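J.: I have a structure I would like to understand better, so I am pasting it below and will then ask my questions one at a time.
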Amino acid sequence: MVLNIPGLVAVIIFYIVILVIGLWAARRTKGETNSENVMLAGRNIGTFVGVFTMTATWVGGGFINGTAETVYRDGLVNCQAPLGYSISLIIGGLFFARKMREQGYVTMLDPFTQTYGERMGGLIYIPALLGEVFWSGAILAALGSTLRVIIGLSHEVSIISSACVAVFYTLFGGLYSVAYTDVVQIICIFVGLWLCVPFAMTNELVENISVNSSTEWINGVDREGVGVYIDSFLMLAFGGIPWQVYFQRVLSAKTVKAAQQLSFLGAAGCIIMSVPSILIGAIAVNADWNRTAFVTKDNFNASEISSRSSDILPLVLQYLTPEWVSFFGLGAVSAAVMSSADSSILSASCMFARNIYKMIIRQKASEKEVIWVMRIAIFGVGALATEMALSVDSIYVLWYLCSDLVYVVLFPQLVCVIYLKKSNTYGSLLGYVVGMFFRIAGGEPTLGIDAVIKYPYYSEERGQMFPFKTLCMLMSLTTIISVSCLTNFLFKRKIVHPRFDIFKCGITEECKDKKLEKDTVTSIEIFAIQKSELVKSTEEMKTKQ
């Protein structure tokens with residue numbers, strides 16, 4: 001395909017603008033030596049900027065491209081992500097945002113390290129990191145396909161150059177740069193996509209999308225796949241909560257109330273921003289591709305469209321809108337990718353610098369050292385996400401995998417560490433192992449993992465038809481609760497000798513009271529000594545007088 005020079009120039013200009021804004025925002029962190037301020041923008045994110053950055057974090061390239069892809073391929077009813085992630089933000093705002101912000105945590109892993117210890121926090125970091133890398137890979141892949149279709153730029157060059165820009169301004173500005181660029185990016189997404197929709201919808205080669213819509217692009221749920229449908233929706237709704245990208249914005253809010261408002265308004269933003277992608281998917285279904293330039297000019301076969309469903313949004317922009325309009329759409333996709341890629345890269349890097357390096361590897365590290373480790377980690381996470389993007393096949397599949405491990409492993413852990421005060425390291429560790437084992441044993445065709453355990457209604461052709469991911473999550477949750485209660489009982493009643501308590505979780509209330517009493521007595525004694533010295537000093541002064 002011939003390289004489109006005007007399109008390439010438009011993309012370069014857009015990247016320069018985003019880079020300048022990111023570097024401008026980075027001035028607020030110039031000379032900053034407090035790692036917490038860099039990670040959370042000094043906990044000074046207002047409602048306006050907060051809503052934009054919260055919405056932009058979820059509405060990435062995977063979101064808009066994946067939504068259009070699924071509506072085209074499977075129908076609107078089967079496109080669960082927009083509604084699922086909106087519900088996850090609402091649940092997060094109702095049950096988790098207040099508690100996390102009140103405690104003043106810096107990262108999502110802080111409550112885990114404080115309750116279960118640094119090593120368990122490090123173990124929980126693994127699925128959190130994988131989730132962020134998968135997410136970033138999905139959105140970078142979305143941009144690669146868009147640039148390849150619209151301006152003929154190499155898939156590899158598109159992904160690598162986009163990742164480099166996002167890494168560069170995130171490196172210098174932390175959350176300040178990410179948040180302020182998100183404001184511009186979400187505006188670009190909204191304007192760019194909505195500008196393209198009317199032109200594509202009124203194209204003479206596109207039939208009215210309202211005609212036979214229920215069978216053409218809305219469709220319904222496959223009765224045999226109801227279990228999978230329910231499983232996927234619950235995974236999006238609850239698996240969308242335990243993400244550092246979400247809690248980073250919650251924890252950066254000025255107040256607890258503001259943290260909840262960001263969640264609720266972000267949920268509304270996800271629904272609103274999904275509408276143009278849904279319409280583009282519907283337009284693709286109702287287009288006569290045999291008469292488009294896809295066939296008549298570029299000599300492709302119309303039958304190839306179905307096998308290129310992951311490219312459906314850029315294909316609509318390229319072949320069903322005027323060239324100048326498609327450039328605006330390209331800017332929208334580029335903005336969407338930047339808005340999510342920078343957030344995920346920063347989030348994973350912050351957790352590594354604070355919860356892995358600072359708390360496990362080098363506890364005496366200075367604040368300046370932690371900031372530099374975070375910056376080095378930004379390069380590492382960006383490289384992992386880029387590699388994932390270069391090897392991905394389906395954007396939507398990778399997008400789903402983002403929430404998979406997070407849902408099965410992290411969600412039950414988050415619920416217990418926040419709401420179950422008696423949960424301990426033993427329960428957390430075994431719950432982690434149980435959730436991970438039974439999820440992997442269920443297989444994952446997209447990663448070439450065969451099913452070791454065949455859950456009820458298993459199909460040799462279609463795989464697991466039972467909502468086994470939810471089952472694995474519940475098994476993990478039950479394990480954490482039951483093992484925590486059992487070990488607390490055994491150690492506190494001294495049924496098992498304290499020397500076997502390797503995680504030191506069996507401290508009884510009596511011991512805590514004695515320690516408190518001892519500390520109180522010590523404080524009283526110190527106060528008495530200080531009082532005695534003061535009286536003696538006063539008497540000496542009187543004697544001299």
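The values are calculated or read from the model by the stated rules, or taken from the named source; none is laboratory data. For clarity, every value in this text was computed on a predicted model and none was experimentally measured. We place every Cβ from the backbone using ideal geometry, glycine too, and count neighbours over all the protein chains shown.
J.: Output the number of residues of the range 460-510 satisfying the condition of being free of Cβ contacts under 8 Å to residues at least 40 places away in the same chain, β-branched (Val, Ile, Thr) and in contact with a Lys or Arg (Cβ under 9 Å, 6 or more places away or on another chain).
T.: Of the residues in that region, 2 qualify.
J.: Of the residues that make up the range 338-352, is at least one surrounded by fewer than 21 Cβ atoms within 10 Å (Cβ to Cβ) and either closer than 21 Å to PHE172 by Cα or at pLDDT 90 or above (or both)? Talk me through it step by step, then tell me what you get.
T.: We begin by selecting, within the range 338-352, every residue surrounded by fewer than 21 Cβ atoms within 10 Å (Cβ to Cβ); these are none.
No, that holds for no residue.
J.: Are there any pairs, at least 6 apart or on different chains, whose C-beta atoms fall under 7 Å, with the first in the range 196-213 and touching a residue at least 24 places away in the same chain (Cβ under 8 Å) and the second part of a loop (DSSP other than H, G, I, E, B) and surrounded by fewer than 16 Cβ atoms within 10 Å (Cβ to Cβ), and if so, which?
T.: PHE199/PRO322; LEU205/ASP288
For (1) part of a helix (DSSP H, G or I); (2) at positive phi; (3) not β-branched (Val, Ile, Thr), each residue gets a yes or a no:
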| residue | (1), (2), (3) |
| --- | --- |
| TYR357 | yes, no, yes |
| ILE360 | yes, no, no |
| GLN363 | no, no, yes |
| GLU369 | yes, no, yes |
| VAL373 | yes, no, no |
| ILE376 | yes, no, no |
| PHE379 | yes, no, yes |
| THR386 | yes, no, no |
| ALA389 | yes, no, yes |
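J.: OK, next. Could you tell me which numbered condition LEU317 fails, if it satisfies all but one of (1) buried (at least 24 other Cβ atoms within 10 Å of the Cβ); (2) under 24 Å from the mean Cα position of the chain (by Cα); (3) closer than 19 Å to PHE63 by Cα?
T.: Evaluating LEU317 over (1) buried (at least 24 other Cβ atoms within 10 Å of the Cβ); (2) under 24 Å from the mean Cα position of the chain (by Cα); (3) closer than 19 Å to PHE63 by Cα leaves (2) as the failure.
J.: Might you let me know whether the range 443-451 holds any residue that is closer than 27 Å to CYS416 by Cβ, within 24 Å of the chain's Cα centre (by Cα) and at pLDDT 95 or above?
T.: Looking through the range 443-451, none of the residues is closer than 27 Å to CYS416 by Cβ, within 24 Å of the chain's Cα centre (by Cα) and at pLDDT 95 or above.
J.: In the range 52-90, which residue that is among the charged types (D, E, K, R) and assigned to a helix (DSSP H, G or I) is nearest to VAL245 (Cα to Cα)? Please lay out each step first, then the result.
T.: The initial filter retains those residues of the range 52-90 that are among the charged types (D, E, K, R), namely 69, 73-74.
Applying the additional criterion that residues be assigned to a helix (DSSP H, G or I) yields 69, 73.
Numbers: GLU69: 24, ARG73: 29 Å.
Once the filter is applied, the top-ranked residue is GLU69.
J.: Sort through GLN185, GLN244 and tell me the only one that's in contact with a Cys (Cβ under 8 Å, 6 or more places away or on another chain) and in contact (Cβ under 8 Å) with a residue 12 or more places away in the chain.
T.: Numbers: GLN185 fails: in contact with a Cys (Cβ under 8 Å, 6 or more places away or on another chain).
Within the list GLN185, GLN244, the selection yields GLN244.
J.: Looking at the range 369-383, can you tell me whether even one residue there is among the aromatic types (Phe, Trp, Tyr), touching a Ser or Thr at 6+ places or on another chain (Cβ under 7 Å), in contact (Cβ under 8 Å) with a residue 60 or more places away in the chain and surrounded by fewer than 24 Cβ atoms within 10 Å (Cβ to Cβ)?
T.: Taking the range 369-383 as the starting set, the residues that turn out to be among the aromatic types (Phe, Trp, Tyr) are 372, 379.
The next check asks that each one be touching a Ser or Thr at 6+ places or on another chain (Cβ under 7 Å); those that pass are none.
There is no residue in the range 369-383 that is among the aromatic types (Phe, Trp, Tyr), touching a Ser or Thr at 6+ places or on another chain (Cβ under 7 Å), in contact (Cβ under 8 Å) with a residue 60 or more places away in the chain and surrounded by fewer than 24 Cβ atoms within 10 Å (Cβ to Cβ).
Yes/no per residue for (1) polar (S, T, N, Q); (2) within 14 Å of GLY66 (Cα to Cα):
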{"residue": "LEU265", "(1), (2)": "no, no"}
{"residue": "VAL275", "(1), (2)": "no, yes"}
{"residue": "ILE283", "(1), (2)": "no, no"}
{"residue": "ALA293", "(1), (2)": "no, no"}
{"residue": "ASN301", "(1), (2)": "yes, no"}
{"residue": "GLN318", "(1), (2)": "yes, no"}
{"residue": "VAL325", "(1), (2)": "no, no"}
{"residue": "VAL333", "(1), (2)": "no, yes"}
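J.: Would you check which residues across the range 273-288 are out of contact with any Ser or Thr (no Cβ under 6 Å at 6 or more places or on another chain) and either without any contact (Cβ under 8 Å) to a residue 12 or more places away in the chain or of a type outside the set (A, V, I, L, M, F, W, C) (or both) and list them?
T.: Scanning the range 273-288 gives VAL275, PRO276, GLY281, ASN286, ASP288.
J.: Take residues that are surrounded by 18 or more Cβ atoms within 10 Å (Cβ to Cβ) and more than 16 Å from the chain's Cα centre (by Cα) and tell me which of the helices (runs of 4 or more DSSP H) falling wholly in the range 227-308 contain 3 or more.
T.: Numbers: elements: 244-252, 256-285, 293-296, 304-307.
Passing ranges, in order: 256-285.
J.: Return a yes/no flag: does the range 138-152 have any residue that is touching a residue at least 60 places away in the same chain (Cβ under 8 Å), out of contact with any helix residue (DSSP H, G or I) (no Cβ under 6 Å at 6 or more places or on another chain) and either surrounded by fewer than 20 Cβ atoms within 10 Å (Cβ to Cβ) or over 22 Å from ALA81 (Cβ atoms) (or both).
T.: To start, the set of residues in the range 138-152 that are touching a residue at least 60 places away in the same chain (Cβ under 8 Å) comprises 138-152.
Narrowing the set further to residues that are out of contact with any helix residue (DSSP H, G or I) (no Cβ under 6 Å at 6 or more places or on another chain) leaves 152.
Checking which are either surrounded by fewer than 20 Cβ atoms within 10 Å (Cβ to Cβ) or over 22 Å from ALA81 (Cβ atoms) (or both) leaves us with 152.
Among the residues of the range 138-152, at least one is touching a residue at least 60 places away in the same chain (Cβ under 8 Å), out of contact with any helix residue (DSSP H, G or I) (no Cβ under 6 Å at 6 or more places or on another chain) and either surrounded by fewer than 20 Cβ atoms within 10 Å (Cβ to Cβ) or over 22 Å from ALA81 (Cβ atoms) (or both), which makes the answer yes.
J.: Could you list, in sequence order, all residues of the range 34-51 that are modelled with pLDDT under 90 and either in a loop (DSSP other than H, G, I, E, B) or buried (at least 24 other Cβ atoms within 10 Å of the Cβ) (or both)?
T.: Answer for the range 34-51, where residues must be modelled with pLDDT under 90 and either in a loop (DSSP other than H, G, I, E, B) or buried (at least 24 other Cβ atoms within 10 Å of the Cβ) (or both): ASN34, SER35, VAL38, ALA41, ASN44, ILE45, GLY46.
Residue-by-condition table, conditions (1) within 25 Å of LEU130 (Cβ to Cβ); (2) in contact (Cβ under 8 Å) with a residue 24 or more places away in the chain; (3) of a type outside the set (S, T, N, Q):
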position	(1), (2), (3)
VAL316	no, yes, yes
LEU320	no, yes, yes
SER326	no, yes, no
VAL333	yes, yes, yes
SER340	yes, yes, no
SER343	yes, yes, no
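J.: Taking the options PHE489, PHE437, PHE411, name whichever one is touching a Phe, Trp or Tyr at 6+ places or on another chain (Cβ under 8 Å) and of a type in the set (Phe, Trp, Tyr). Give the derivation first.
T.: Details: PHE489 fails: touching a Phe, Trp or Tyr at 6+ places or on another chain (Cβ under 8 Å); PHE437 fails: touching a Phe, Trp or Tyr at 6+ places or on another chain (Cβ under 8 Å).
None of the others qualify; the one that does is PHE411.
J.: Here's something else I'd like to know. Could you say whether any residue in the range 69-82 is in contact with a Cys (Cβ under 7 Å, 6 or more places away or on another chain), buried (at least 24 other Cβ atoms within 10 Å of the Cβ) and not hydrophobic (A, V, I, L, M, F, W, C)?
T.: Initial filter on the range 69-82 (in contact with a Cys (Cβ under 7 Å, 6 or more places away or on another chain)): 70-71, 82.
Going one step further and asking which of them are buried (at least 24 other Cβ atoms within 10 Å of the Cβ), we end up with 70-71, 82.
Of the ones still in play, those that are also not hydrophobic (A, V, I, L, M, F, W, C) are 70, 82.
The answer is yes; a qualifying residue exists.
J.: Also, quick follow-up: Could you say which residue among LEU94, LEU3, LEU8 is out of contact with any helix residue (DSSP H, G or I) (no Cβ under 6 Å at 6 or more places or on another chain), assigned to a helix (DSSP H, G or I) and closer than 22 Å to LEU147 by Cα? Write out each step before concluding.
T.: On the way: LEU94 fails: closer than 22 Å to LEU147 by Cα; LEU3 fails: assigned to a helix (DSSP H, G or I).
That would be LEU8, the only listed residue that is out of contact with any helix residue (DSSP H, G or I) (no Cβ under 6 Å at 6 or more places or on another chain), assigned to a helix (DSSP H, G or I) and closer than 22 Å to LEU147 by Cα.
J.: Then there's this: If I go through the range 214-226 residue by residue, how many of them are touching a residue at least 12 places away in the same chain (Cβ under 8 Å), part of a loop (DSSP other than H, G, I, E, B) and within 30 Å of VAL409 (Cβ to Cβ)?
T.: Restricting attention to the range 214-226, the residues satisfying the condition of being touching a residue at least 12 places away in the same chain (Cβ under 8 Å) are 216-221, 224-225.
Retained after the next criterion (residues that are part of a loop (DSSP other than H, G, I, E, B)): 219-221.
From the residues that got through so far, the ones that are within 30 Å of VAL409 (Cβ to Cβ) too are 221.
Residues flagged as touching a residue at least 12 places away in the same chain (Cβ under 8 Å), part of a loop (DSSP other than H, G, I, E, B) and within 30 Å of VAL409 (Cβ to Cβ) within the range 214-226 amount to 1.
J.: To continue, here is another question. Considering each residue of the range 164-188, count those that are among the small types (Gly, Ala, Ser) and modelled with pLDDT of 85 or more, and give that number.
T.: Looking only at the range 164-188, we keep the residues that are among the small types (Gly, Ala, Ser), and these are 166, 173-174, 177, 179.
Those left that are additionally modelled with pLDDT of 85 or more: 177, 179.
Summing the residues that are among the small types (Gly, Ala, Ser) and modelled with pLDDT of 85 or more in the range 164-188 gives 2.
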